[in-house]
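Colleague: If you scroll down you'll find the structure; I have some questions about it.
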Amino acid sequence: MTHPGPDLALLLLGSYRKLVDQAVRELDRRGYPDVTPTLHYAMTAISLGAKTGSELAQALAVSKQAASKTVTTLLERHFIESIPDPADSRRKRLTVTDLGHRVMEEGAAIFDALRDSWSEAAGPDALASLEQTLRDYNGAEAIRLDSPGWASQA
């Protein structure tokens, strides 16, 4: 017996996963082999104002330990840098590097191209209708791509 509610949720989740997997493969093909969705979410959160490891943990809804590991990986890959805080020399502030911004921009361009392929497959009107339906369903609260840990707060 099928259940349309769970089926819809799985279709949406599967579509999201397929788009992300395609984007990760394309980033790899373009010379960015070490990019994962988690790293992208973290760079986005830092770009939006998470300037410390604690703020990043809060923005991503993960533990401070998980945020610390992510920061270490981002630093090793030169996607972010840690600079002295002008207001408190004991603190370090996180900032996205030029390389990190390039990766994020490449990722956005890839998602634009993937959207175009959906438009070609389904037709522009059908895709526009789907996008509007999803916007209406999600309401005024935008989905925050810098908060992948939302499920752990349920």
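Colleague: Which members of region 1-37 meet the condition of being buried (at least 17 other Cβ atoms within 10 Å of the Cβ), under 14 Å from the mean Cα position of the chain (by Cα) and assigned to a helix (DSSP H, G or I)?
Modeller: A23, V24, L27
Colleague: Right, another one. Hey, can you tell me all the residues within region 54-105 that are surrounded by 20 or more Cβ atoms within 10 Å (Cβ to Cβ) and more than 24 Å from Y32 (Cα to Cα)?
Modeller: A57, A59, V62
Colleague: For region 77-96, indicate whether the set of residues that are among the aromatic types (F, W, Y) and part of a helix (DSSP H, G or I) is non-empty.
Modeller: No, that holds for no residue.
Colleague: Considering each residue of region 83-116, count those that are touching a helix residue (DSSP H, G or I) at 6+ places or on another chain (Cβ under 9 Å) and of a type in the set (G, A, S), and give that number.
Modeller: Total satisfying the criteria: 3.
Here's the yes/no breakdown for (1) in contact with a strand residue (DSSP E or B) (Cβ under 7 Å, 6 or more places away or on another chain); (2) β-branched (V, I, T); (3) over 25 Å from R29 (Cβ atoms):
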site: V71; (1), (2), (3): yes, yes, yes
site: I83; (1), (2), (3): yes, yes, yes
site: S89; (1), (2), (3): no, no, yes
site: M104; (1), (2), (3): no, no, no
site: F111; (1), (2), (3): no, no, no
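Colleague: Same structure, new question: I'd like the full set of residues that are among the polar types (S, T, N, Q) and free of Cβ contacts under 8 Å to residues at least 24 places away in the same chain, limited to region 1-57.
Modeller: Those that are among the polar types (S, T, N, Q) and free of Cβ contacts under 8 Å to residues at least 24 places away in the same chain: T2, S15, T36, S54.
Colleague: So, one more: Among the candidates R90, R77, which residue alone is free of Cβ contacts under 8 Å to residues at least 12 places away in the same chain and of a type outside the set (G, A, S)?
Modeller: One residue alone meets the criteria, R90.
We did not get these values from a lab; they are worked out from the coordinates using the rules stated. Here the structure is a predicted model, which means the values were calculated and not measured. Because the Cβ atoms are built from the backbone with ideal geometry, glycine has one as well, and the counts that use them run over all protein chains shown.
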